[in-house]
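Here, each number is a calculation from the coordinates, and none is a lab measurement. Owing to the predicted nature of the structure, the values given are computational and were not obtained by experimental measurement. Cβ sites come from the backbone with ideal geometry, for glycine too, and all protein chains shown count toward neighbours.
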Amino acid sequence: MPFNIKDKVEIEEEGNMIKEFTVKTSRRNEFIDITDRVANIVRESGIEEGICTVFIPHTTAGVTINEKADPNVVRDIISALEKLVPEGAGYRHLEGNSDSHIKSTLVGASEKLVVSSNRLLLGTWQAIFFCEFDGPRTRKCIVQVIKA
Amino acid sequence: MPFNIKDKVEIEEEGNMIKEFTVKTSRRNEFIDITDRVANIVRESGIEEGICTVFIPHTTAGVTINEKADPNVVRDIISALEKLVPEGAGYRHLEGNSDSHIKSTLVGASEKLVVSSNRLLLGTWQAIFFCEFDGPRTRKCIVQVIKA
Amino acid sequence: MPFNIKDKVEIEEEGNMIKEFTVKTSRRNEFIDITDRVANIVRESGIEEGICTVFIPHTTAGVTINEKADPNVVRDIISALEKLVPEGAGYRHLEGNSDSHIKSTLVGASEKLVVSSNRLLLGTWQAIFFCEFDGPRTRKCIVQVIKA
């Protein structure tokens, strides 16, 4: 009954925009800054005041908000997650990516952002990162912008 | 001042539906697939485009999105959380369920989903799981569907 | 392109309210109950049915929902996070607060709450906590209330 996101989702109507874009990752664990792509969709929507949802339709990936100024921050987050949830540590699931699923649940599949004056409300140091935990792959991000 | 969810919450008006359902758990740590129940509420709402919030009004439970195809994935997530936050590891809170509260904060109390064409936008492998961390109990899930 | 939250954000229009308040923390790791402040903004908005977003515009802080009745619960959560992600454990980022960034990603930067009858829908034991991971500091919380 739920929707299978196979085809490209594109909706653009008064007060509601859903767009999708792809992210190509090149490592098993990798964070990719998607702030500009999300911000562009918000601008394109023309919605002045509202909510923006970033939703990752994958079970071995996620999305988080953190610092972009020093790329070492993201490297430290990835290392910490690898240490907390080591690869191949005697899991039952036989595809060898149980750690990826666990990281996905710890980090989360969606972020919600406030839209004001047609822009994302983000702190000075904040960026939105797509979190790859089972790459390299081509992944999808769904962005929904809704008018308040 | 905030609402105490004691009575059943049921709201059904133009562009806004709030429904509640119960989940019975049978183990201390257990994930229960609630995708169909959430999807049914979305369908019932008649809302074509919008946002669906799943909110868990408990402090020793949570909600996550992950893979349903192989039930071992969920078992591995539960085991990893038990390893990261062991039961009875010298906590101050005397009810013996500090680990349950900690897991609840790590996993989170809500999920936000995009609704399009009156259906939940979910990836091929994604399911919504109620996460019990202090069962067995009877628990509540709140689902809100709002029109874009 | 995204918004830099430098100035105070204050929006109050039909069906949409964005307010900001500050939180002063006094320790490096500290959870502060902000439930009443969020509930007051919801009441002030006059919005009967809708969604409330609490967004933290910082990369070394977060927000979570957990128990307030026994303050030891929050202390146990803080201790567990300190144990999972120790301070100064050989990180690359040289500002000495990598652990703070990691905790921020684990806990998350936003919470979404259901608003019904002009009140927050919260379980009997639930409170909303601002999570400081790199204090003491003066921090901002953004609260958005949107009509359904």
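For segment B:62-148, averaging the sequence separation of C-alpha pairs within contact (under 8 Å, six or more residues apart) and dividing by the residue count gives a relative contact order of 45 percent.
Inter-label distance, residue B:138 to residue A:94: 4.0 nm, where each label sits 7 Å from its Cα along the C-beta direction. State whether the protein assembly as shown is rounded, prolate or oblate according to the following rule on the C-alpha gyration tensor (a ≥ b ≥ c being the square roots of its eigenvalues): a/c under 1.5 gives rounded; otherwise a/b larger than b/c gives prolate, and the remaining case gives oblate. Rounded, because the longest to shortest axis ratio a/c is under 1.5. Percent relative contact order of chain B, based on C-alpha pairs within less than 8 angstrom and at least six residues apart? Over chain B, the number comes to 47 percent.
Of all DSSP beta bridges confined to the protein assembly as shown, the antiparallel ones make up roughly 95%. For residue C:133, the shell of other residues with beta-carbons less than 9 Å away shows a net charge of -2, using +1 for Lys and Arg and -1 for Asp and Glu.
Each copy carries a label point for residue C:10 at 7 Å from Cα toward Cβ; from one copy, the others' points are 4.3, 4.3 nm away, ordered from shortest. Cβ crowding within 10 Å, taken as a proxy for footprinting-reagent exposure, orders C:75, A:92 from fewest neighbours to most as A:92, C:75.
The residues packed around residue A:99, meaning those with a beta-carbon under 9 Å from its beta-carbon, carry a net charge of -3 if Lys and Arg are +1 and Asp and Glu are -1.
Between identical copies, the spacing of residue B:24 label points, each set 7 Å from Cα toward the C-beta atom, reads 5.3, 5.3 nm from nearest to farthest. With respect to the cross-link table entries A:24/A:103; A:103/B:103; C:83/C:140, which display a Cα-Cα separation exceeding 24 Å? Long pairs (Cα-Cα over 24 Å): C:83/C:140. Each copy carries residue A:124; placing its label point 7 Å along the C-beta direction from Cα gives inter-copy distances of 4.5, 4.5 nm, listed from smallest up. With helices as the sole contributors, chain C gives -7500 deg cm²/dmol at 222 nm; each DSSP H run of n ≥ 4 counts as -39500 (n - 2.57), and the sum is divided by every residue. Between residue A:22 and residue B:36, with labels modelled 7 Å along Cα→Cβ, what's the label distance in nm to one decimal, could you check? Taking the simple label geometry, residue A:22 and residue B:36 are separated by 3.4 nm.
Cβ crowding within 10 Å, taken as a proxy for footprinting-reagent exposure, orders B:24, C:68 from fewest neighbours to most as B:24, C:68.
Here the Karplus relation 6.51 cos²θ - 1.76 cosθ + 1.60, evaluated at θ = phi - 60°, turns the backbone of segment C:118-135 into coupling constants of 6, 10, 6, 7, 10, x, 3, 9, 7, 9, 9, 10, 6, 10, 8, 10, 8, x Hz, with x for every Gly and Pro.
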